[in-house]
1. Helix check for the chain. Which DSSP H runs span at least 15 Å along their own axis by Cα, with a mean Kyte-Doolittle hydropathy no less than 1.6?
2. Of all the C-alpha pairs in the chain, what % are more than 29 Å from each other?
3. Calculate what fraction, in whole %, of the accessible area of the chain sits on carbon and sulfur atoms when a 1.4 Å probe is rolled over the protein chains.
4. Name the residue from Ser198, Ala7, Gly330 whose Cα lies farthest towards the positive end of the charge dipole of the chain, charges +1 on Cβ of Lys and Arg and -1 on Cβ of Asp and Glu.
5. Going by accessible area, probe 1.4 Å, with all protein chains left in place, what is the ranking of Asp78, Asp156, Asp148, Asp371, largest first?
6. Under the definition of Cα pairs under 8 Å and six or more residues apart, what whole-number percent is the relative contact order of the chain?
7. Tell me which aspartates and glutamates have Cα within less than 20 Å of Lys63's Cα, excluding those fewer than 8 residues away on the same chain?
8. Could you point to the residue in Ser54, Leu72, Ala228 farthest towards the positive end of the chain's charge dipole, with +1 and -1 charges on the Cβ of Lys/Arg and Asp/Glu respectively?
Amino acid sequence: MTMLDEAEALLPGMVSLRRAIHAEPELGLHNPRTAARIRETLADLPLEWREGPSTSGLVATLKGGANGRTVLLRGDTDALPMQEDTGLPFASIIKGAMHACGHDSHVAMLAGAARLLSARRAQLAGTVIFMFQPGEEGHHGARYMLEDGLLDPLPDAAFALHVMPNAPHGLVSGKAGPLMASADKIRITITGKGGHASMPHDALDPVPIACEIVLAIQSWVTRNVPIADPAVVTIAEMKAGSTDNVIPESAMLFGTIRTLSPQRRSAVQQGLKRLAEGIAQAHGASAHVAFTPGFPVTVCDGRAVEFGERTVKALLGAEGWVTLTSPVMGAEDFAYVLEKVPGAMFFLGASHEGDDWRQCCALHSNRMMLDESVMARGAAVHAALAERFLAEGFAA
Ligand code: NI
């Protein structure tokens, strides 16, 4: 049987694992029920398991028939703090938690790959590491697992797959270089002087200053950021005041900054700080600008992407691969792994076969649904990447 046929045979098991995890989503760095399900599902396989103190993350090691390279495959395990509205029979039974980013399917595909590769263990020319990682949704789970030493000694290559419900069914896509953005939080506090809303001349109203800063940020981005090394800045939340007849002392702005290079990341931070402080000062008020660093840029190694393209085409045919022409400005904490290990993340189209994928609900939607049948492809792609890398490395 081919890898794909074997994966198709494992699909019912992957579907039931995915549905069980989907029904009981867990948030953040500790996903104990999910971890227990993974251990239980794979208990019959010849895997060595490791855990660290900081998260419920699991690392399972499969030693092949020969010593050689080591390759890491990663699946994230956590869900999002939001209510599910899909109406699926296996919809979340946990209030305010939903697997809206498809990480339930990532677990199932990685478990499938562990089974596919265990069956070929004797022929594997090295070691496969399966990284089941919690805390992807802004919690830096990958960084904690690295800091806990769970990936030491570092593997020679690392791969991850992410499902995309609004992309053509079953197609695998990727690109060399920056694939996803860095994501930093910005918080601007404008401080003036409170007073009576009927006598603004006796106060120093921070509200119009905050509004001016929001608009100035948009001009600043278009006039300062080259399109070849872009940035997205969105002020998504404004807070000021408590009632209609009081000028508040302060106003706050919260937003996100997305960039694709470390240089742009720091230039945008410096520029926005100067801009906000300068505008507030011009009005006799003050602004305090704070940044909370999020995930770094997800950078895919050119050799790993070429290797991935060859592997996917050999597995699924030439039409199974799409080279992306532009990055996605979302962020991904697999970036931490790719900072240390050459590798790549690929996307797997998971719209229902025959559906107009452009109409499908996107990731993080309360109505996000996947075609579970693509999980067979996902498991086969994972397994083929590992098997081939162990045999040949990135070499063509
Ligand atoms: Ni995700």
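1. Membrane-span-like by this rule: not one helix.
2. Here the long-distance tail beyond 29 Å is 48 percent of all Cα pairs in the chain.
3. It is 54 percent, rounded to a whole number.
4. Gly330
5. Listed by decreasing accessible area, they come as Asp156, Asp148, Asp371, Asp78.
6. 25
7. Those aspartates and glutamates meeting the cut-off are Glu40, Asp44, Glu48, Glu51, Asp152, Asp156, Glu387, Glu392.
8. Positive-most Cα among the choices belongs to Ala228.
The values are calculated or read from the model by the stated rules, or taken from the named source; none is laboratory data. Note that the coordinates shown come from a computational prediction; the quantities given were computed from them, not determined experimentally. Here Cβ is always computed from backbone atoms with ideal geometry, including for glycine, and neighbour counts include all displayed protein chains. What goes into the accessible areas is simple: the full protein's heavy atoms, side chains included, and nothing from ligands, DNA or RNA. Shrake-Rupley method; radii C 1.70, N 1.55, O 1.52, S 1.80 Å.
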